[in-house]
Amino acid sequence: MRRLLHEMNPSLKFLAVTACMLALAFFFNPWTPLMFFLGIVLVQLLFSQTNWKLWSLVMLPFVFGAFGYFWTTLVFGESGDGPVLWTIGMIEITAQKWEHAWSLSLRVLAFSSISLLFAFTTDPVRFIQSLMQQGKLSPKLAFSVLISYQFLPVLKTEFEQLQQAHRLRGPGAKPTPFKRITALRRLLIPLLAGAVRKAERAAFAMEARAFTGAARSHYREIKLGHKDYALLGMFSLVLALSCSAVFWT
Amino acid sequence: MPVLKPIFQLDDFSFRFPESAQPTLHTITLAIYPQERLVITGPSGCGKSTLLYVLNRLYPHNCDGEVSGNVRIFGRISQEYEPGEANRHVATVFQDPDSQFCMPTVEEELAFTLENLQVPREEMPKRIDRILRMTGLDDIRHGVIQNFSGGMKQRIATACALIMEPDCLLLDEPLAHLDPLTAKEFVAWLGQLQQQSGLAIVAVEHKLELWGEFFDREVSLSENGAIQKDQAYTRRNAPFLPKRETAKQPKVLFEARDVSITRASKALLRGASLQLYEGEVMVIAGPNGSGKSTLLKALCGIMKRDSGMISGEFAGFVPQSPEQLFLSKTVEEELSYSGNSSPHDVKDLLEALALNPIAQDHPFSVSHGQKRRVAIGAMLADRRQVLLLDEPTAGQDLKALMELHHQITSRAQDGCALIVVTHDMNFALSIADTICLMKDGRLSAPLEPQELFSSPALLAEHRLYWPEKEESYATSFT
Amino acid sequence: MLKEWKLKEIVLMSLFGVVFGIVYLLFLHIGNLWAGVIGPLAYEWMFGIWFIVSIISMYIIRKPGAAFLPETLAAAIEVMLGNAIGPRLILSGIIQGLGAEAAFALTRYRHFHVGILMLAGASAGVFSFVYGYFLSGYAALDPSFVALMFTLRVASGAIIAGIGGKYIADALLATGSLRGYAIAKAEKGDARA
């Protein structure tokens with residue numbers, strides 16, 4: 001049970017997640033995103049093995065963002081109709097504004113929760129293989145992405161080495177604030193120059209192993225079965241229940 | 001003797017890159033037969049890698065090169081193959097172990113090759129099992145490629161090439177990123193595989209001393225990309241490098257005492273101490289991961305030490321890729337970057353390091369040897385009289401080694417002190433005043449070079465390979 | 001779309017996508033923290049950062065799709081790294097990429113001077129704003145505030161992505177590592193003419 005979300009077909013999961021987000025965009029009441037957020041967290045609690053400590057850490061910036069949406073909507077939001085709840089200085093907070101503020105900030109949380117569900121339960125390699133097998137993604141593109149993904153740790157090491165080497169050179173003759181910004185360019189350009197050379201070598205290595213981008217067989221078959229559709233049903237249920245908030249509030 | 005059909009047949013073949021005026025390969029006529037072990041040699045820039053890329057059909061397609069003459073692969077004109085088609089029979093292992101894999105694990109990487117060949121899924125496990133057994137890589141089937149050493153990565157790359165069951169294996173300087181002992185082990189391993197499978201091997205290589213008796217034919221190209229010699233291969237010894245006259249003065253320039261570094265509860269450096277005299281050249285050697293680079297970084301201050309003290313002149317660091325130091329758009333600006341040297345001193349440095357012809361070039365676009373000179377110049381202009389060179393010998397051919405030798409000699413004569421980290425014991429012997437060994441973060445007391453080279457136990461303990469020694473044994477018995 | 005591409009161009013484009021995916025993610029977190037303090041306006045003036053890979057990649061490779069694909073990939077990488085707004089971000093990537101691509105398609109992929117690059121950055125800004133207007137519910141905000149957001153975003157696209165992107169690609173060209181790509185050939189052509 002606790003592996004269900006991890007084993008779900010990644011392409012289908014991606015579709016489900018995207019559909020949920022698009023649907024949520026139509027709702028401006030605070031209850032729909034709130035219920036959806038709670039529903040998704042519950043689903044993830046039940047059907048996945050999530051490192052919740054890490055989850056909270058990643059969620060934190062989005063909570064900040066949600067708070068930003070909350071108060072800017074209160075300050076800059078359209079006044080709208082309805083009774084004025086409070087007046088703070090020049091700003092009148094109407095009932096509609098109040099509701100919109102809650103809705104927009106809770107929407108940020110709802111979006112974040114489903115995104116994190118996807119990120120925390122999806123293996124990137126399986127996702128790309130699934131996109132190739134079910135989504136008809138071009139193998140040339142798919143393997144280019146995989147090979148780039150393999151470069152991440154290499155690039156990270158290179159980045160650290162560059163930083164160290166630059167530390168040795170110091171801030172230069174006349175450090176100005178503007179020069180500090182260009183310091184980023186000084187890290188980025190050598191990093192990219194190295195990446196360009198690696199890209200070419202990698203492409204040659206792939207071609208030398210008879211990769212043509214044409215049709216291929218698959219060692220690891222990513223299946224699409226009943227379980228996947230059942231999970232899709234569950235996402236739909238959470239979405240439908242949240243959306244029904246329109247009728248009973 | 002049966003008449004064998006050649007795998008490759010080049011007739012009067014010439015090749016020119018669109019951006020260069022001169023052809024890189026010049027009227028090459030060459031036939032390579034099954035089961036041959038052939039090495040292509042020549043000075044750097046002579047087009048030997050280009051020739052290899054013509055054989056596996058990566059060129060001319062990938063660089064829009066201009067060709068004349070014919071290349072036949074298995075009797076068929078090269079251009080008639082689809083991209084990737086000829087590569088089913090001609091496999092390649094490249095030099096950079098870090099940029100030839102696209103999947104996370106060994107098993108998936110092997111499967112990638114089989115998928116390219118459209119091998120049915122049911123057949124794959126069988127072929128993967130077989131190749132893993134043949135290459136002795138059974139144990140690392142599910143290992144993550146990124147976590148392995150360079151030597152292991154080259155074996156994995158070879159296994160991924162062999163799983164295609166090719167007729168010919170091309171090797172593009174496969175030892176360039178390996179230390180000599182690992183390289184020797186790789187060569188022995190490859191020799192066994194070749195005997196089992198009977199495939200032809202064509203390698204581009206300049207470090208022939210590491211290959212022993214491996215090859216049976218040598219094609220050497222001249223500077224202008226024409227075949228100079230095509231003859232039976234003879235075993236090489238390590239190149240002769242002149243012994244440097246010592247320039248060591250009695251004045252202590254730099255001192256480190258009990259320097260320790262611990263990161264993530266792992267001791268990287270355990271109480272390293274050393275003293276450098278003016279004009280001294282010290283070599284530091286030891287296995288990969290023993291803390292050599294960490295030591296250099298601690299000595300020049302870019303890695304913070306947890307304890308210990310450092311005194312004397314400032315130390316400058318030249319990384320294995322010298323361009324990591326570069327911050328400016330021209331070589332001259334690079335030297336004057338810190339503002340610690342007057343324009344006059346910068347001029348003198350450009351002169352002394354023979355950088356004047358490239359003073360206005362972009363420091364990233366010059367040759368590797370020039371990059372290292374720019375880096376040394378930048379360090380000297382920053383008023384760092386102690387130079388720490390990290391693996392400057394890795395992947396360098398004889399000409400580059402000679403240049404490095406000259407560079408170190410001149411800097412020592414000027415009164416700098418140098419530390420050179422290297423695996424190349426032949427090179428170490430020719431330049432070192434003293435040698436320190438490193439293992440598990442511990443630095444030994446300085447040794448006289450002769451002390452080290454007369455102790456096979458010490459060499460073995462630090463995974464060092466000294467070619468002269470084995471060769472002199474070999475010759476004394478034959 | 002990829003028929004005309006060499007494999008090395010596809011890998012380069014993907015690698016750009018990956019590298020800038022990380023750069024984007026860094027700025028996303030900076031932006032998120034700011035947004036907590038000064039609201040959505042915090043993003044607007046720096047929005048061009050998130051269009052920059054389109055400009056760099058197209059300026060170097062110069063083939064149809066070279067703006068759209070890496071932008072989409074960068075967004076996908078942000079998602080796969082597990083720290084981002086998720087699949088919604090891929091959609092924004094697609095839309096921003098299409099915005100930049102549209103400008104190049106208009107000129108039939110023939111011109112790559114700074115004006116076109118700025119136009120592409122601005123166009124990415126317009127596309128992304130229309131999408132954001134719908135998805136983030138800007139409709140609920142005051143029209144004059146929305147107009148300010150729009151102006152800032154389009155200007156940021158033209159300046160940070162357009163000019164900044166050209167600056168980075170030119171600096172990369174100067175290192176000599178782009179030999180064999182369209183940008184290097186074009187430069188040689190210009191020199192001859």
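Within region A:189-246, restricting attention to residues that are of a type in the set (D, E, K, R) and in a helix (DSSP H, G or I), the residue that is farthest from the other protein chains (Cβ to nearest Cβ) is A:Lys227. Of the strands (runs of 3 or more DSSP E) lying entirely inside region B:274-369, those containing at least 1 residues that are within 10 Å of chain A (Cβ to nearest Cβ) and surrounded by 16 or more Cβ atoms within 10 Å (Cβ to Cβ) are B:315-318. Taking first residues from region C:36-65 that are on the phi > 0 side of the Ramachandran plot and partners that are hydrophobic (A, V, I, L, M, F, W, C) and assigned to a helix (DSSP H, G or I), the Cβ contacts under 8 Å between residues at least 6 apart in sequence or on separate chains come to C:Gly39/A:Trp71; C:Gly39/A:Val75; C:Gly39/A:Phe76; C:Arg62/C:Ala182; C:Arg62/C:Ile183; C:Arg62/C:Ala186. Could you pull out every one of the helices (runs of 4 or more DSSP H) wholly within region C:1-101 that has 3 or more residues that are more than 8 Å from every other protein chain (Cβ to nearest Cβ) and not polar (S, T, N, Q)? Output list reads C:7-38, C:52-61, C:68-80.
Counting only residues that are among the β-branched types (Val, Ile, Thr) and more than 9 Å from B:Val331 (Cα to Cα), region B:360-380 holds 2 of them. Does B:Ala238 satisfy the condition of being within 21 Å of the chain's Cα centre (by Cα), within 14 Å of chain A (Cβ to nearest Cβ) and small (Gly, Ala, Ser)? No.
Is there a residue being of a type in the set (Lys, Arg), crowded, with 18+ Cβ neighbours inside 10 Å and modelled with pLDDT of 95 or more anywhere in region B:112-133? Checking region B:112-133: at least one residue is of a type in the set (Lys, Arg), crowded, with 18+ Cβ neighbours inside 10 Å and modelled with pLDDT of 95 or more. Of everything in region B:54-96 that's in a helix (DSSP H, G or I), more than 13 Å from every other protein chain (Cβ to nearest Cβ) and of a type in the set (S, T, N, Q), which residue is farthest from the chain's Cα centre (by Cα)? The qualifying residue farthest from the chain's Cα centre (by Cα) is B:Gln79.
In summary, A:Leu46 fulfils each of the numbered conditions (1) surrounded by 17 or more Cβ atoms within 10 Å (Cβ to Cβ); (2) of a type in the set (A, V, I, L, M); (3) at pLDDT 90 or above with the single exception of condition (1). For beta carbons closer than 8 Å, sequence separation of 6+ or different chains, a first residue in region B:145-157 that is farther than 18 Å from B:Leu190 by Cα and a second that is among the polar types (S, T, N, Q), the qualifying pairs are B:Ile145/A:Gln150; B:Ile145/B:Thr105; B:Gln146/A:Gln150. When B:Arg127 is tested against (1) under 19 Å from B:Thr158 (Cβ atoms); (2) in a loop (DSSP other than H, G, I, E, B); (3) more than 7 Å from chain A (Cβ to nearest Cβ); (4) charged (D, E, K, R), just one condition goes unmet, and that condition is (2). Restricting attention to region A:26-53, which residues are within 13 Å of chain C (Cβ to nearest Cβ) and free of Cβ contacts under 8 Å to residues at least 12 places away in the same chain? Hit for region A:26-53 is A:Phe26, nothing else.
For B:Thr262, the test of being part of a loop (DSSP other than H, G, I, E, B), surrounded by fewer than 17 Cβ atoms within 10 Å (Cβ to Cβ) and among the β-branched types (Val, Ile, Thr) is failed. Mind checking which residues of region B:107-124 are within 19 Å of B:Val93 (Cβ to Cβ) and either more than 8 Å from chain A (Cβ to nearest Cβ) or in contact (Cβ under 8 Å) with a residue 12 or more places away in the chain (or both)? The answer is B:Glu107, B:Glu109, B:Leu110, B:Ala111, B:Phe112, B:Thr113, B:Leu114, B:Asn116, B:Leu117.
The values are calculated or read from the model by the stated rules, or taken from the named source; none is laboratory data. Treat the numbers as computed from the prediction; the structure is a model and nothing was measured. Heads up, the Cβs are rebuilt from the backbone with ideal geometry, glycines too, and the neighbour counts pull from every protein chain shown.
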